[in-house]
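The values are calculated or read from the model by the stated rules, or taken from the named source; none is laboratory data. On a predicted model such as this, the values are computed, not experimentally measured, just so you know. Virtual Cβ from ideal backbone geometry, glycine too; neighbours counted across all protein chains shown.
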Amino acid sequence: MRVYTRTGDKGETSLAGGTRVLKDHPRLEAYGTVDELNSHLGLIQATILDSGERTRLTRIQNRVFVVSSNLAADNPELLKNLPLILEEDITDLEMAMDMLLDQIPPLTNFILPAGHPSIASCHIARTVCRRAERRMVTLSREASVDPILIRYINRLSDYLFVLARKTAYDLGVGEIIWTSDFKR
């Protein structure tokens, strides 16, 4: 199988159901951003120290792939064959955050997304995750988007923030505190 099809050379592509749409269609913006998020998750998974969180990130990547597949399917019949994002997937993220937060000092200041490449990668993924959520909300105004998908992505961004903090702790890198009295 070849990677190129030449069918998208004029700015259109096919959805999972076969419908042709422009490449800047809200559905493509949504699942393309989720795909971008998954790539960032792979980078984090490859670089963080905590083996338990590496394993969790692989599970998360599989679920994020399910979110992307759901967004790519314009035919409700195709959704019947896809795995589901379940309430327990959201609960797993919440429990992971609680466990990680129990291992680090409480947050008392705003922090900058910096300090080490692994920390910055978590924050980049967090912001891409927030953008994915916004794209999904935009899509939901014109097409059916299962609300649990949006909730999962929302909670995932929270998890990534906590993972960034835990990664800083594991690396022994002090969090960089935001200050309003910087010099110009």
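As for the range 62-72, it holds at least one residue that is closer than 24 Å to ASP35 by Cβ, among the charged types (D, E, K, R), surrounded by 14 or more Cβ atoms within 10 Å (Cβ to Cβ) and in contact with a Pro (Cβ under 9 Å, 6 or more places away or on another chain).
Comparison of VAL145, VAL137, VAL128, VAL67 shows that the only residue that is in contact with an Asp or Glu (Cβ under 7 Å, 6 or more places away or on another chain) and either aliphatic (A, V, I, L, M) or free of Cβ contacts under 8 Å to residues at least 24 places away in the same chain (or both) is VAL128.
When only residues in the range 75-103 that are more than 20 Å from the chain's Cα centre (by Cα) and modelled with pLDDT under 95 count, which is nearest to PRO26 (Cα to Cα)? So the residue we want is ASN75. For the range 16-45, taking the residues that are aliphatic (A, V, I, L, M) and at pLDDT below 95, the one that is nearest to HIS116 (Cα to Cα) is identified as LEU28.
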